[in-house]
Amino acid sequence: MRFLLTDEQREFAHSLDGMLSTSGTPAVARAWSAGDHQPGRALWKRIARTGVFGLAVPEQQGGSGLLPVELALSYVELGRHAVPGPLVETVAAAAFLERLGADAEAKEWLPRIASGGAVLSLCAGAGPYAVDADAADPAPYALDADAADAVLVIQGAEVSRTATHGPVQSSLDPARRLARPLDGTVLARGPVVAAAAAHAVEVARLLTAAQSLGLGRALLAATVTYVQQRTQFGSPIGSFQAVKHRLADTLIGLEFAQPLVHAAALALAAGAPSAGREVAAAKVAAGEAGYAAARTALQLHGAIGYTEELDLSLWIRKARPLRDAWGTPAACRARVLTG
C-alpha cells in the first residue's frame, strides 16, 4: 500500500500542533492530575473548535462524518502534546452511539461531542486498560469518570449510562484518573450492542495507537535535544556511539509504526474485513514504540528523568498506560493471529 497525506491533511495536523504548542499543556495536565478540570475543559473546547471531535460525528449530528485518517492524525498531535482527558473514550463513545442506533441518545450526545460541550467516558469488559473478549470483571474502571458528563458501560450484550462513580483511584499516570462507575440506566441489550462495541473498540485502539506514536515522537525529540546539551568527558553525550544507537533504534520503531497506523486508519475508513487485525497490529507497534521511547528518554536523561518537576515526566508516565489501554500487546497480537 502506498499512502501519502494530502496537503489539507498535513495543514490540519500542522495547525493543531501550532494551537497546542501555545496552550500550556504541561500546566493543564498537572491541574487535571490534581482534580482541577477547568483548564482541561477549556482546552477541550479549543480542540473542538478545530473540528477534531466532529471527525467522529455524522454530518446530520453536526459533525464531518467518521474520518479515521484525519482522526488518527489529530490524535498523534494530542499525544505529542500530552493532552489529558478521556479523548479516546469520548470519540469511541460517539462511534458506539452512532452504530447502536439509539436515536434519542445519539441526538442528545453526538452534537454536544462535536462542539466540545460534552465529555464522555466509555468502558467495556475489564475497562479501558484491557478490553479483551474474555474479560469478565463485573465492575470495570472508567477513565476520568469524575470529569465526564456521562459514562457508558458495556457489559456483554448490555450497555448502560451513568453519571455516578466510586472513589477516584490513582494510576501510573496521574493524569489518567480511574473510578468504578455505579449503577446507571440501561440503554440497550442484544447483538446490536456487541456489534457497536466491537466497532468502538477498533476506533479506540486506533486512536490510542496514534496517541502513542505522537507521545513517542515528543519523547524522542526531547531526548535528542538533551543529549546535545549534556556533556561528559568534555563532549556532548549525543556524540557517543552507544547513545546514537539507542536513539536510532527508537526512531526506527516509531518510523515502522507510523505506516501501520495510517494503514489501519484507511482500513477502518473503508470498512475492510481486515480492519480489526490492522488496527490491532498498529496498536502493538505504536504502543511498543512509544514505550521504548519512554525507556530511552528515561535512561539518557539520567537521574533528572525520574523527577516529577521535569515536564518530561508527564510524557514518560503516559507511555505504559497507553501501551496497555484498550487491549494489551498480548491481546492485540492474539487478534492479529486469529483474524
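A few notes on this one:
- Residues of the range 307-331 satisfying the condition of being small (Gly, Ala, Ser) and crowded, with 18+ Cβ neighbours inside 10 Å: SER313, ALA319, ALA325, GLY327, ALA331
- Qualifying residue in the range 299-308 (condition: within 18 Å of LEU172 (Cβ to Cβ), modelled with pLDDT under 95 and of a type in the set (D, E, K, R)): yes
- Residue check, ALA124 on the phi < 0 side of the Ramachandran plot, of a type in the set (A, V, I, L, M), modelled with pLDDT of 95 or more and crowded, with 21+ Cβ neighbours inside 10 Å: no
- Number of residues in the range 158-213 that are of a type in the set (A, V, I, L, M) and free of Cβ contacts under 8 Å to residues at least 24 places away in the same chain: the value is 2.
- Meets criteria (more than 28 Å from LEU312 (Cα to Cα) and either part of a helix (DSSP H, G or I) or modelled with pLDDT under 95 (or both)) for VAL193: yes
- Residue among GLY54, GLY63 that is under 26 Å from LYS107 (Cβ atoms) and in a loop (DSSP other than H, G, I, E, B): GLY63
- Selection from the range 194-207 of residues that are crowded, with 21+ Cβ neighbours inside 10 Å and out of contact with any helix residue (DSSP H, G or I) (no Cβ under 7 Å at 6 or more places or on another chain): VAL201
- Candidate set: the range 142-193, residues that are more than 25 Å from GLU98 (Cβ to Cβ) and of a type in the set (Lys, Arg); chosen: the one surrounded by the fewest Cβ atoms within 10 Å (Cβ to Cβ): ARG180
- Identity of the residue in the range 201-219, among the hydrophobic types (A, V, I, L, M, F, W, C) and closer than 19 Å to LEU143 by Cα, that ends up farthest from the chain's Cα centre (by Cα): VAL201
- Among the residues of the range 221-248, the ones that are surrounded by 12 or more Cβ atoms within 10 Å (Cβ to Cβ) and either in a strand (DSSP E or B) or of a type outside the set (Val, Ile, Thr) (or both) come to 13 in all.
- Residue within the range 18-36 that is closer than 22 Å to VAL203 by Cα, of a type outside the set (A, V, I, L, M) and touching a residue at least 12 places away in the same chain (Cβ under 8 Å) present: no
The values are calculated or read from the model by the stated rules, or taken from the named source; none is laboratory data. Given the structure is predicted, the values throughout are model-derived calculations rather than measurements. Here Cβ is always computed from backbone atoms with ideal geometry, including for glycine, and neighbour counts include all displayed protein chains.
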